[in-house]
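S.K.: My structure is below; once you've seen it, I'll send some questions.
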Amino acid sequence: MEALIIFADGTELAVEKNGDCYITANKPAFPADLSTVIVESEDGNREYHDAILVECASIDGRYWFAFNEESEADKTIRELLESNSMLTECILEMSEIIYG
């Protein structure tokens, strides 16, 4: 079954659909912004928010992939890690100022 994937930046990707997997001849260049991914196909449309690209095992030499949505727990962990990273940078900068 054929499907069309539309990314947040307007990029479109024509794929073959098999269940929840999408198939292309080669690995495409995916846009960085996966905040919204829409899949249009004969069996209905699906919209992913904060999509995560999942590479699947190939059974025929082509590129198989799927999308999952980032869970609330994943978002919380990512936000905490980003905050921790910013705090660490501030501490290192202050240490450099204080101790030279």
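The values are calculated or read from the model by the stated rules, or taken from the named source; none is laboratory data. All figures in this text were calculated on a predicted structure; none of them were measured in a lab. We place every Cβ from the backbone using ideal geometry, glycine too, and count neighbours over all the protein chains shown. SASA here: full protein model, heavy atoms, side chains in, ligands and nucleic acids out. Shrake-Rupley method; radii C 1.70, N 1.55, O 1.52, S 1.80 Å.
S.K.: Please name whichever of Val39, Ala51, Met1 sits farthest to the positive end of the charge dipole of the chain, dipole taken about the Cα centre and charges placed at Cβ: Lys and Arg +1, Asp and Glu -1.
M.R.: Met1
S.K.: Now for a separate question. At 1.4 Å probe radius, can you tell me the per residue accessible area of the chain in Å²?
M.R.: Spelled out: the 1.4 Å probe surface of the chain, per residue, equals 68 Å².
S.K.: Just to be sure I understand: with springs between alpha-carbon atoms less than 10 Å apart, which residue in Ser35, Ser58, Ser83 has the highest mean-square fluctuation in the Gaussian network model of the chain?
M.R.: Ser83
S.K.: Assuming 0.36 nm per residue, please report the length gained on full extension of the stretch Thr76 to Phe30 beyond their Cα-Cα distance.
M.R.: Value of the extension gain: 14.1 nm.
S.K.: If you don't mind, there's one more thing I want to ask. Quick one: pull the percent of accessible area on the chain belonging to carbon and sulfur, 1.4 Å probe, ligands and nucleic acids left out.
M.R.: That fraction is 54 percent.
S.K.: Mind checking the full-extension length gain between Ser95 and Leu4? Use 0.36 nm per residue of separation minus the Cα-Cα distance, one decimal, nm.
M.R.: So the extension gain works out to 27.6 nm.
S.K.: What are the ³J(HN,Hα) values, in whole Hz, obtained from phi via the Karplus relation 6.51 cos²θ - 1.76 cosθ + 1.60 with θ = phi - 60°, for each residue of the range 58-66 in sequence order, with x given for Gly and Pro?
M.R.: 8, 10, 9, x, 8, 8, 10, 8, 8
S.K.: Please work out how much length the chain gains when fully extended from Arg46 to Glu16, using 0.36 nm per residue of separation minus the C-alpha to C-alpha distance, in nm with one decimal.
M.R.: So the chain would gain 9.3 nm between Arg46 and Glu16.
S.K.: How far is helix 72-99 tilted, in degrees, relative to the longest principal axis of the Cα atoms in the chain, given as a value from 0 to 90 rounded to the nearest 10?
M.R.: Compared with the principal axis, the helix lies near 30 degrees.
S.K.: Using alpha carbon coordinates only, what is the Rg to Rh ratio of the chain, with Rh defined as the Kirkwood radius?
M.R.: 1.20
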